[in-house]
1. Mind listing the phi-derived Karplus ³J(HN,Hα) values for the stretch A:25-37, rounded to whole Hz, using 6.51, -1.76 and 1.60 with θ = phi - 60°, and x for any glycine or proline?
2. How tilted is helix A:107-119 with respect to the longest principal axis of chain A? Cα atoms for both, answer in degrees (0 to 90, nearest 10).
3. In Å² (nearest 100), what accessible area is buried between B and A, both sides summed, heavy protein atoms only, 1.4 Å probe?
4. Let me check I've understood the local charge: for A:GLY58, count other residues with C-beta under 12 angstrom from its C-beta, Lys and Arg +1, Asp and Glu -1. What total comes out?
5. By the gyration tensor of its Cα atoms, with a ≥ b ≥ c the square roots of the eigenvalues, what is the shape of the stretch B:128-206: rounded for a/c under 1.5, prolate for a/b over b/c, or oblate?
6. Just to confirm the numbers: B:VAL159, label point 7 angstrom along the Cα-Cβ line, distances to the other copies in nm, shortest first?
7. Could you work out the mean count of beta carbons from other protein chains within 10 Å of each residue's beta carbon in A:117-128?
8. In terms of Cα to Cα distance under 28 Å, which lysines are near enough to B:LYS69, apart from those fewer than 8 places away along the same chain?
There are 2 protein chains.
Amino acid sequence: MQQNNASLTQAERTALSDKAMLEAAMALVLEHGPDKTTLAMIGDKAGYSRGLATYRFGSKGGLYDALCKSISRHWLEYLKQGVGDKVGIDAMCAALDTIYKFEQELPDEARALQILYSGAASPSAEYQQTAVGIRRRQKSDVAEWVRRGQDAGQVRDDVIADEVAAQYVAYISGMTYLWMMSPDSFDFSVANEVMKRHLRDSLTAV
Amino acid sequence: MQQNNASLTQAERTALSDKAMLEAAMALVLEHGPDKTTLAMIGDKAGYSRGLATYRFGSKGGLYDALCKSISRHWLEYLKQGVGDKVGIDAMCAALDTIYKFEQELPDEARALQILYSGAASPSAEYQQTAVGIRRRQKSDVAEWVRRGQDAGQVRDDVIADEVAAQYVAYISGMTYLWMMSPDSFDFSVANEVMKRHLRDSLTAV
DNA sequence: AATCACTTGCTTGTTAACAGCAAGTAAAAT
DNA sequence: ATTTTACTTGCTGTTAACAAGCAAGTGATT
């Protein structure tokens, strides 16, 4: 399929097939969901054999773990760019805007990530720890924003960073889930404005 | 298995096997997740044949839809009892306490429901509409509490009931999900106290 | 620079497990 | 007694996973 390139190093071949497989997997997950997607479909769509997915990723769960990590990495980079070096309330508001922008610009990745994170709730999900780790990291990042905002005098001192971060991450998890499940019932941009106002009202130093 | 009862009506037989199947399914979903649970395992655990689940519920997805509805019904009754005839902020706070109590008293049902709702994010989930409908109903119930609280003069008039309800339901969805994924990272009772304080601070009429 | 030993990427053959269906049996209703 | 309903068993196509094989790339020796 891809041997029109006269000659590739082993590393290049792997990188190429890896990318093709993960892209195919994402498209098929969006269309059919993780469980109705078969390894044969993925291999076929990627332009390889039905056996490559298992060979490369060990198992179906292993492939989804890799996909989860791959999209998460991209998302975390995107978020980092959107937030920049802001801290405190500014960082939290910028993150909300970045989430919305990500959903608008890269709806496929956003949706696929949401499906995978949701699937991680199942006891059989092999990427459960991956999903948990990312949520945990997001929470600690937010807590750090709050602490730095407090140091900078922007955020009031009597709030507890970890508590604020837990509420914030819970809100985001729930809102992205609900919005994906029924976009017509939940207006994301309005919700974001409400949330930003709330953050300013409740966290700004007196 | 259950024919020690001399004679049962057809309706009784169905009710009995229905209950046994759903209970078995719930236990197995908690242990192995929906996709690694097989219909044969469910029939076996319930004390019937491997074929009954398909016969009764049409398909694996149909069974999970029934399970989702069954646990949801119980949960909604439990919630109704916990909230009583409260409205406004009181109802929203009572609902938070009831959620916590449900998780403490009936952790299996709470966890199974969470797994099923999460699985509904997959495009292949046959109970997607069931899950969406319940979330939608919860949101409109909350909006109604807010409106009645406004009528009673407890809740400030300048908040928009639908917006408040969306935020509230999003927060609950996210918190229950995160708490199930890593109970050690999210302190549910502390989060509830924080949330209740926030509700009072931001919604109480001036 | 040409060959050869070896490794790595990928494919194909195979198997056990699975969901779903159809045809059957047993139990209750009429 | 006959019909209807609850449930079981036999069967088939599909699937994930594994193993054995093939082909392409790599690196050392000459």
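The values are calculated or read from the model by the stated rules, or taken from the named source; none is laboratory data. A quick note: this is a predicted structure, and the numbers were derived from the prediction, not measured. Note: ideal-geometry Cβ built from the backbone for every residue, glycine included; neighbour counts use all protein chains shown. Surface accessibility is based on the protein's heavy atoms, side chains included, excluding ligands, DNA and RNA. Shrake-Rupley method; radii C 1.70, N 1.55, O 1.52, S 1.80 Å.
1. Values, residue by residue: 4, 4, 4, 6, 5, 4, 7, 10, x, x, 7, 8, 8 Hz.
2. Computed tilt is about 90 degrees.
3. Using a 1.4 Å probe, the pair buries roughly 3300 Å².
4. So the environment of A:GLY58 carries a net charge of 0.
5. Cα axes put the stretch B:128-206 in the oblate bin.
6. In ascending order, 1.6 nm.
7. Across the residues of A:117-128, the mean count of other-chain Cβ atoms within 10 Å is 6.
8. A:LYS36, B:LYS19, B:LYS36, B:LYS45, B:LYS60, B:LYS80, B:LYS86, B:LYS101, B:LYS139
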